[in-house]
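Notes to accompany the following structure.
Any read-out appearing in this document is the output of simple, stated calculations on the displayed coordinates, not a laboratory observation. Worth saying up front: this structure is predicted, and the values here are computed from it rather than measured. In this analysis, Cβ positions are derived from the backbone assuming ideal geometry, glycine residues included, and neighbour counts consider all displayed protein chains.
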Amino acid sequence: MSLNILITGSEGYLGRRLVSQLGSEHTVVGIDICAQSAPGYAYHTMDIRDPALATLLKANRISHVIHLASVMKASDDRERDYDIDINGTANVLSCCLEAGVGHITVSSSGAAYGYHADNPHWLTEEHSLRGNDHFAYSQHKRLIEEMLAAHRRTSPQLRQLILRPGTVLGSHTQNQITNLFEQRRLLAVKGSPSPFVFIWDEDVVEIIATGVTESKTGMYNLAGDGAMTIAEIARALNKPVLQLPAWLLRIALTIGHKLRLTQYSAEQLDFLRYRPVLSNQALKQEFGYTPRKTSREVFEYFVQHNQARLG
């Protein structure tokens, strides 16, 4: 059955892939803040905070929404970032309810669990979402999930699928994390293995498409099997690791950020030190999807396609 689907952040990294994946069998409408016209599908330049979204949803008889839009890289304006992420998501939910949308898929993050010293070795969907108030991205993902939990109680007619990816990598991925891998040597906090779980971007697209077309509900971690420590990543890149005590790294990040030598600040030290390691058992056993690449295979695929960038 053909669906009417709206994607927020449709011109982003995953949004464009989903437009291509879903557009052949379903009617896809996209919104983003990009000004240009996107060929090949019904695209509208619109901020997710715009109440006019309800009118757009009604006019296109949208039954399913995929909410991807968010602030991926924090700006120096914390209030602006909060307004986009939190108030923007609140507006998307409100407009969905007003327009009678029946299903919403939300791209959350493993960051919603937070970067904490006492995180369990493997995080499952049963563990608490604690975020980190000093790390905007992590805090916002936690607050959004709290908002979604409240809506599940008050507005069960809007069915929810919440996805919490680990580090998403593909052949052309460029973000804060891949920037770490591009440095001449990898930074590490002394005494911390800093494990990463990776998920192939093509797996993420397939999972979202399946979840939407089958109207699946629930909360699922997205990660390939296994994890890689920072030392294993360094060996795969044939690069040295610079291990610093936490106090010294905090000073280095403070100075480097002020001099614009690094996009990481001292507030993100725990981002390097206490990485959440996601279990994918619920994804495989309950959702019914086994990622096609393990964490190590995803990383090797990324390296294979980015050798020039990675040096």
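Data for the structure
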item	result
Amide H within-cut-off set for Ala42, under 5 Å, with H built and near neighbours excluded	Val28, Gly30
Extended-chain gain in nm, criterion 0.36 nm per residue less alpha-carbon gap, Asn119 and Met1	38.2 nm
Which of Thr294, Thr45, Thr89 has the fewest Cβ neighbours within 10 Å, and the rest in rising order	Thr45, Thr294, Thr89
Rounded, prolate or oblate (a/c below 1.5 giving rounded, otherwise prolate when a/b exceeds b/c) for the range 120-162 by Cα gyration tensor	oblate
If the convex hull is drawn through the Cα atoms of the chain, its volume per residue in Å³	135 Å³
3J(HN,Hα) from dihedral phi, the range 229-241, Karplus parametrisation 6.51/-1.76/1.60, rounded to Hz, x for glycine, proline	6, 4, 5, 5, 5, 4, 5, 5, 8, 6, 10, x, 10
From phi via Karplus (6.51, -1.76, 1.60), per-residue ³J(HN,Hα) for the range 88-94 in Hz, x at Gly/Pro	x, 5, 4, 5, 4, 5, 4
P(r) weight above 23 Å for the range 1-120, C-alpha pairs, percent	31 percent
Cut-off 18 Å (backbone N to label point 7 Å along Cα→Cβ of Ala150), residues of the range 61-88	82-88
Cα gyration tensor, the range 59-147 - rounded (a/c under 1.5), prolate or oblate	oblate
Neighbour-count ranking [beta-carbon atoms within 10 angstrom, fewest first] of Asp85, Asp77	Asp77, Asp85
Computed over the chain: relative contact order in percent, which uses C-alpha pairs under 8 Å that are six or more apart	18 percent
Rounded, prolate or oblate (a/c below 1.5 giving rounded, otherwise prolate when a/b exceeds b/c) for the range 159-291 by Cα gyration tensor	prolate
In degrees, nearest ten, helix 136-154 long axis to first principal axis of the chain (Cα)	30 degrees
Estimated vicinal HN-Hα couplings, Hz - the range 196-202 in sequence order (Karplus 6.51, -1.76, 1.60; Gly, Pro = x)	10, 10, 10, 9, 5, 4, 5
Selection of GluC sites (Glu not before Pro), the range 101-182, meeting DSSP coil and at most 14 other Cβ within 10 Å	Glu126
Rounded to the nearest 20 debye, dipole of the chain from Cβ charges on Lys, Arg, Asp, Glu	680 debye
Virtual spin-label span in nm between Thr254 and Thr178, 7 Å along Cα→Cβ	3.3 nm
For the range 126-282, with +1 on Lys and Arg beta carbons and -1 on Asp and Glu, the positive-most of Ala150, Ile251, Tyr274 along the dipole	Ile251
Selected from Ser192, Ser171, Ser24 as most flexible by GNM, with the chain as the system and alpha-carbon contacts under 10 Å	Ser24
Directionally averaged shadow of the range 80-227, computed from the convex hull of its alpha-carbon atoms, nm²	10.5 nm²
Ranking of His121, His172, His116 by count of other Cβ atoms within 10 Å, fewest first	His121, His172, His116
Positive-pole candidate from Ser70, Leu242, Ile199, dipole of the chain, charges at beta carbon	Leu242
Fraction in percent of alpha-carbon pairs per bin - 10 Å, the range 1-62	23, 58, 19, 0
